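Take a look at the structure below.
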Protein chains: 2
Amino acid sequence: MGDIAGSRQAIARFSASSPVFVCVISHTATSEIPGLTVAGANPGMVKFTSPADAEFLHYGRCRCIPVVPATPDGKPTPALITRAALQAASIPLLVVDSGAKVKPAVPAISFGTSPGGNIAKEDAMPVEEVERALAYGRTLGAQLARASDLVVVGESIPGGTTTALAVLGALGVDGRFKVSSSMPDNPHELKNRVVASAYARAGKPDNPIEAVARYGDPMMPAVAGIAAGAIDEGGRVMLAGGTQMAAVLAIMKKIGTPLGRACIGTTCYVAGDRSADLAGLVRAVARVPVLACDLHLGESAKPGLQAFAGGFVKEGVGAGGASIAAMLKARIDGEKMRKAIEREYEASIERRPAT
Amino acid sequence: MGDIAGSRQAIARFSASSPVFVCVISHTATSEIPGLTVAGANPGMVKFTSPADAEFLHYGRCRCIPVVPATPDGKPTPALITRAALQAASIPLLVVDSGAKVKPAVPAISFGTSPGGNIAKEDAMPVEEVERALAYGRTLGAQLARASDLVVVGESIPGGTTTALAVLGALGVDGRFKVSSSMPDNPHELKNRVVASAYARAGKPDNPIEAVARYGDPMMPAVAGIAAGAIDEGGRVMLAGGTQMAAVLAIMKKIGTPLGRACIGTTCYVAGDRSADLAGLVRAVARVPVLACDLHLGESAKPGLQAFAGGFVKEGVGAGGASIAAMLKARIDGEKMRKAIEREYEASIERRPAT
């Protein structure tokens with residue numbers, strides 16, 4: 001398949017005719033640490049990013065904020081790519097709310113989880129909420145595996161690479177200087193300091209539930225649960241995202257889920273990110289294929305899309321995995337995906353007044 | 001197809017290889033009017049019935065109450081039949097919470113709706129909530145039509161035939177003495193009195209949104225929206241239930257949804273209920289096929305199952321529609337369904353201590 005990097009066997013193994021896409025939205029106080037994320041036009045807006053992404057996926061516009069989520073200098077959310085992919089291949093979408101701080105104006109599956117704490121100074125979430133999100137995820141994932149031959153799970157959670165780094169470390173995988181970033185200038189030192197403060201506060205539990213409760217976020221047990229439930233029901237799973245999904249894989253491995261029917265699907269912008277090492281991180285966790293799509297966004301005439309290829313944003317809201325699923329289902333290449341993304345950009349960014 | 005009553009064309013038209021089942025759970029204060037429903041062991045328990053049904057569908061046992069929902073004399077919830085059907089044919093399940101008073105311990109899609117009022121003395125719900133439930137339903141239904149070739153929608157809402165009667169009347173269909181009941185001794189007079197009080201309070205608006213807001217319940221716009229969204233996306237829909245679904249059809253017709261890809265799926269116990277007239281009610285609304293399955297429960301050795309054939313409970317939680325979808329997908333007849341239901345009865349009722 002053109003424009004999807006990965007072994008031929010892996011691509012064949014995760015080709016699907018009836019994929020379903022699930023977007024898990026979450027929030028943590030960790031994301032409010034200044035300098036950690038640009039997922040939001042300013043720090044006060046970060047809590048709107050994930051619900052606005054969910055609204056954008058469904059409606060092509062947002063309701064909880066008057067504009068499309070963007071970085072402070074106006075680079076748009078990767079939900080733009082995800083929506084274009086889902087529309088191009090008529091892939092069904094479900095939104096899961098696991099700890100969103102602002103509720104999206106969409107029908108969302110509630111996992112009964114609160115937003116996560118700031119791990120530098122407090123636990124991320126109560127153990128019972130980790131367990132509930134995992135259990136609800138399993139319940140949902142099993143049903144989705146009945147409905148679909150590939151469950152693609154993405155996330156929208158600002159600041160998620162820092163909590164990923166913390167959980168990976170607690171579970172024995174050193175992710176320092178390997179996790180990705182929505183900025184070209186990856187703030188590794190800040191992330192490492194936040195995680196060091198967290199460990200200083202509460203040690204390094206090897207138990208995955210404890211690790212998530214202390215250092216993770218509400219996205220992780222939700223995604224791990226959905227994936228585990230789908231796999232246990234005989235289904236196949238694509239974790240759609242970057243280095244955060246390495247942390248989810250580590251959790252799944254620790255809770256005893258066999259990973260033979262799981263893969264990671266992402267963009268070439270994260271897979272090739274020289275400020276990070278997704279392949280190395282995943283390899284340190286398990287032998288799971290990493291598929292990466294080339295969306296040819298560097299060749300786009302739209303500056304907001306070129307930015308994805310220039311080291312900004314790169315991935316998120318399952319953009320890479322959704323694109324791979326769409327390319328495999330609808331048999332289209334990266335060029336065609338770029339055109340679909342450009343049409344979405346024109347409809348949602350260029351035709352709306354900037355504010 | 002053996003054991004499904006309906007025209008051969010209609011059965012062929014609604015045969016599906018990848019049906020999905022959605023259960024909408026709701027509550028109203030109308031259901032707390034003494035004598036109106038037996039969906040609950042006692043009046044204080046009625047608010048637990050629909051969340052407990054949702055839990056039973058997923059887990060085969062309930063969490064918000066220690067027992068399986070039952071009538072005061074111990075006749076079990078029809079969720080037993082629904083669960084057996086979904087399991088027999090591996091049909092995926094999603095739960096929608098549209099106004100449940102007690103939240104179920106399952107991953108449920110929230111429609112942001114409050115429980116309904118007692119229509120004898122107050123409006124059922126605000127107009128905005130009717131509109132939101134309808135809009136969220138459309139959004140969800142469109143996605144489900146992408147995932148599935150038949151969207152089967154059932155409900156669990158105690159007292160729902162009374163609000164159905166009220167909404168049908170407001171929309172020009174006289175349902176008096178035609179709506180069904182969970183009791184063999186159908187309390188028509190009481191239902192008519194409640195509805196007459198409602199009309200005396202607030203007139204008979206012909207507008208479907210207003211009619212639901214004044215006299216309906218939060219289940220109706222949710223189910224109507226899901227069905228309309230699926231149909232608009234090109235999908236087919238089975239409204240799984242009895243006379244309440246005639247009210248949903250009337251709403252769909254008034255909001256301009258074409259009904260050519262919709263049918264009603266129910267049990268022969270409701271379709272043949274001599275204290276009601278489902279076929280007549282549906283005919284008064286639109287030319288939509290009514291499929292009814294014979295589950296041979298009168299031949300069961302289990303008294304709790306025989307009761308369904310003896311005029312008790314009859315239908316609910318989409319039992320009839322789920323059974324028809326299962327029979328058509330897995331190519332099994334009513335006898336095989338009865339055996340599956342008996343196994344479910346043994347596992348969930350006989351093997352658990354009664355309390």
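For the reader, a short list of remarks on this structure follows.
- Taking the stretch A:202-231 as the range and being in contact with a Lys or Arg (Cβ under 7 Å, 6 or more places away or on another chain) and not hydrophobic (A, V, I, L, M, F, W, C) as the test, the residues that pass are A:Pro205, A:Pro208, A:Gly225, A:Gly229.
- Restricting the stretch A:77-92 to residues that are aliphatic (A, V, I, L, M) and in contact with a Lys or Arg (Cβ under 8 Å, 6 or more places away or on another chain) leaves a set whose member that is farthest from the other protein chains (Cβ to nearest Cβ) is A:Ala84.
- Those residues of the stretch B:309-355 which are open to solvent by 10 Å² or more (accessible area, probe 1.4 Å) and of a type in the set (S, T, N, Q), in sequence order: B:Thr355
- Filter result (of a type in the set (Gly, Ala, Ser) and closer than 22 Å to A:Ser18 by Cα) within the stretch A:54-95: A:Ala54, A:Ala79, A:Ala84, A:Ala85, A:Ala88, A:Ala89, A:Ser90
- Identity of the residue in the stretch B:41-75, β-branched (Val, Ile, Thr) and not in a loop (DSSP other than H, G, I, E, B), that ends up nearest to the other protein chains (Cβ to nearest Cβ): B:Thr49
- Complete set of residues in the stretch A:62-71 that are of a type in the set (Val, Ile, Thr) and open to solvent by 30 Å² or more (accessible area, probe 1.4 Å): A:Val67
- Here B:Val179 passes the criteria (1) more than 23 Å from B:Ala202 (Cβ to Cβ); (2) within 16 Å of the chain's Cα centre (by Cα) except the one numbered (1).
Residue-wise test of (1) among the basic types (Lys, Arg); (2) under 18 Å from A:Met245 (Cβ atoms); (3) within 14 Å of chain B (Cβ to nearest Cβ); (4) in contact (Cβ under 8 Å) with a residue 12 or more places away in the chain.
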residue	(1), (2), (3), (4)
A:Gly137	no, yes, yes, yes
A:Gly159	no, yes, no, yes
A:Gly169	no, yes, no, yes
A:Met183	no, no, no, yes
A:Leu190	no, no, no, yes
A:Ala196	no, no, no, no
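- Filter pass, B:Ala120 being closer than 23 Å to B:Ala164 by Cα, open to solvent by 10 Å² or more (accessible area, probe 1.4 Å) and more than 16 Å from the chain's Cα centre (by Cα): yes
- Pairing each residue of the stretch A:313-328 that is at pLDDT below 95 with any residue that is in a helix (DSSP H, G or I), provided the two are 6+ apart or on different chains, yields C-beta distances under 7 Å for A:Val313/A:Ala307; A:Lys314/A:Tyr269; A:Lys314/A:Val270; A:Lys314/A:Phe308; A:Glu315/A:Tyr269; A:Glu315/A:Val270.
- For A:Lys253: the one exception among (1) assigned to a helix (DSSP H, G or I); (2) open to solvent by less than 10 Å² (accessible area, probe 1.4 Å): (2)
- Scanning the stretch B:198-209 for residues that are open to solvent by 20 Å² or more (accessible area, probe 1.4 Å), aliphatic (A, V, I, L, M) and in contact (Cβ under 8 Å) with a residue 12 or more places away in the chain gives B:Ala202, B:Ile209.
- In the stretch B:149-163, the residue that is farthest from the chain's Cα centre (by Cα) out of those that are farther than 18 Å from B:Thr257 by Cβ and of a type outside the set (Val, Ile, Thr) is B:Asp149.
- Selection status of A:Gly159, under 21 Å from A:Cys268 (Cα atoms) and buried (at least 16 other Cβ atoms within 10 Å of the Cβ): yes
- Selection within the stretch A:104-119 - outside any loop (DSSP other than H, G, I, E, B), of a type outside the set (S, T, N, Q) and either closer than 17 Å to B:Thr113 by Cβ or within 14 Å of chain B (Cβ to nearest Cβ) (or both): A:Ala108, A:Ile109
- The set of residues in the stretch B:39-70 that are farther than 22 Å from B:Leu94 by Cα and in contact with a Phe, Trp or Tyr (Cβ under 8 Å, 6 or more places away or on another chain) contains only B:Gly40.
- In summary, B:Leu295 fulfils each of the numbered conditions (1) hydrophobic (A, V, I, L, M, F, W, C); (2) in contact (Cβ under 8 Å) with a residue 40 or more places away in the chain; (3) surrounded by fewer than 23 Cβ atoms within 10 Å (Cβ to Cβ) with the single exception of condition (3).
- Conditions (1) touching a Gly at 6+ places or on another chain (Cβ under 9 Å); (2) open to solvent by less than 10 Å² (accessible area, probe 1.4 Å); number of the one not met by B:Gly74: (2)
- When A:Ala12, A:Ala5, A:Ala85 are checked against the criterion of being among the small types (Gly, Ala, Ser) and surrounded by 21 or more Cβ atoms within 10 Å (Cβ to Cβ), A:Ala85 stands alone in meeting it.
- The stretch A:76-103: number of residues that are in a loop (DSSP other than H, G, I, E, B), over 19 Å from A:Thr28 (Cα atoms) and not hydroxyl-bearing (Ser, Thr, Tyr): 3
- Test: residue in the stretch B:21-31 that is surrounded by fewer than 21 Cβ atoms within 10 Å (Cβ to Cβ) and more than 23 Å from A:Gly137 (Cα to Cα): yes
- Some residue of the stretch B:34-42 being over 20 Å from B:Ala240 (Cα atoms), open to solvent by less than 20 Å² (accessible area, probe 1.4 Å) and at pLDDT below 95: yes
- Being in a helix (DSSP H, G or I), touching a residue at least 60 places away in the same chain (Cβ under 8 Å) and more than 14 Å from every other protein chain (Cβ to nearest Cβ) is a property that does not hold for B:Val173.
- All conditions in (1) in contact with a Lys or Arg (Cβ under 6 Å, 6 or more places away or on another chain); (2) open to solvent by 10 Å² or more (accessible area, probe 1.4 Å) hold for B:Leu57, with the sole exception of (2).
- Of the listed requirements (1) of a type in the set (A, V, I, L, M, F, W, C); (2) surrounded by fewer than 16 Cβ atoms within 10 Å (Cβ to Cβ); (3) within 21 Å of the chain's Cα centre (by Cα), A:Ala301 misses just one: (3).
- Test: A:Val130 is part of a loop (DSSP other than H, G, I, E, B) and hydrophobic (A, V, I, L, M, F, W, C): no
- Total residues in the stretch B:54-91 satisfying the condition of being within 16 Å of B:Thr267 (Cβ to Cβ), at pLDDT 90 or above and touching a strand residue (DSSP E or B) at 6+ places or on another chain (Cβ under 9 Å): the figure is 8.
The values are calculated or read from the model by the stated rules, or taken from the named source; none is laboratory data. All figures in this text were calculated on a predicted structure; none of them were measured in a lab. Quick reminder, even Gly has a Cβ in these numbers, built from the backbone with ideal geometry, and neighbours come from all protein chains shown. Keep in mind that these areas ignore ligands, DNA and RNA; they rest on the heavy atoms of the full protein, side chains included. Shrake-Rupley method; radii C 1.70, N 1.55, O 1.52, S 1.80 Å.
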